[in-house]
1. So which residues in the range 25-49 are of a type in the set (A, V, I, L, M, F, W, C) and surrounded by 13 or more Cβ atoms within 10 Å (Cβ to Cβ)?
2. Between residues in the range 37-50 that are under 14 Å from residue 137 (Cα atoms) and free of Cβ contacts under 8 Å to residues at least 12 places away in the same chain and residues that are β-branched (Val, Ile, Thr) and buried (at least 16 other Cβ atoms within 10 Å of the Cβ), which pairs lie under 6 Å by C-beta distance while being six or more apart or on different chains?
3. Working carefully through the options 67, 104, find the one that is part of a loop (DSSP other than H, G, I, E, B) and assigned by TED's automatic domain parsing to the domain that holds residue 25.
4. Testing residue 73 on (1) part of a loop (DSSP other than H, G, I, E, B); (2) at pLDDT 90 or above; (3) in contact with a strand residue (DSSP E or B) (Cβ under 8 Å, 6 or more places away or on another chain), one condition comes back false. Which one is that?
5. Residue check, residue 137 against (1) at pLDDT below 95; (2) surrounded by 14 or more Cβ atoms within 10 Å (Cβ to Cβ), all met but one. Which one?
6. Have a look at 56, 77 and point out the one that is exposed (fewer than 13 other Cβ atoms within 10 Å of the Cβ), farther than 21 Å from residue 133 by Cα and polar (S, T, N, Q).
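The values are calculated or read from the model by the stated rules, or taken from the named source; none is laboratory data. Remember, it's a predicted structure, so these values are computed and weren't measured experimentally. Backbone-built Cβ (ideal geometry, glycine too); neighbour counts: all protein chains shown.
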Amino acid sequence: MTKQIGPQSEVVFHFTIKLADGSVADSTQLHGKPAKLKMGDGSLTPNFEACLLGLNEGDSHHFELGPDDAFGPVNPNNIHHMERSRFAADMTLEEGAIVAFTQPNGTEIPGIVRDVAGESVTVDFNHPLAGQQVTFEVEILAVEQLAVENQGA
């Protein structure tokens, strides 16, 4: 019997995300460990999950996704200009550096330094792949159907 991915599936799969120039942005195969997810658990965007629906155990497939379907467009409100004095004096700030910022609730969020000009540092809090067209390649290793929990009995 073919095991097909549905909304109540747990899926084990390898994935590779490639940029428009063919470079690899992320890949489970590079780490030698496949990904595992429960459909609908929020670990993938709805558009990535939609690509998986209907695939069968053993399938390999690739999907072209534009920015709106992948990591979203670049949001200019997520780009901030900060004074150099807000950073540790011994911190090396250069274009491309990733800096962790602690939010008021204690969680950390990464920001990418986009520019350093005198005492002004431009930090981008968008997802690093925001605004990018990507190719999502998947190899479905295992599909299990999860029992739907009885809500109130």
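1. Of everything in the range 25-49, those that are of a type in the set (A, V, I, L, M, F, W, C) and surrounded by 13 or more Cβ atoms within 10 Å (Cβ to Cβ) turn out to be 25, 35, 37, 39, 44, 48.
2. Pairs that qualify, where the first residue is under 14 Å from residue 137 (Cα atoms) and free of Cβ contacts under 8 Å to residues at least 12 places away in the same chain and the partner is β-branched (Val, Ile, Thr) and buried (at least 16 other Cβ atoms within 10 Å of the Cβ): there are none.
3. Answer to the check: 67.
4. Unmet condition: (3).
5. The number of the failed condition is (1).
6. Only one candidate qualifies: 56.
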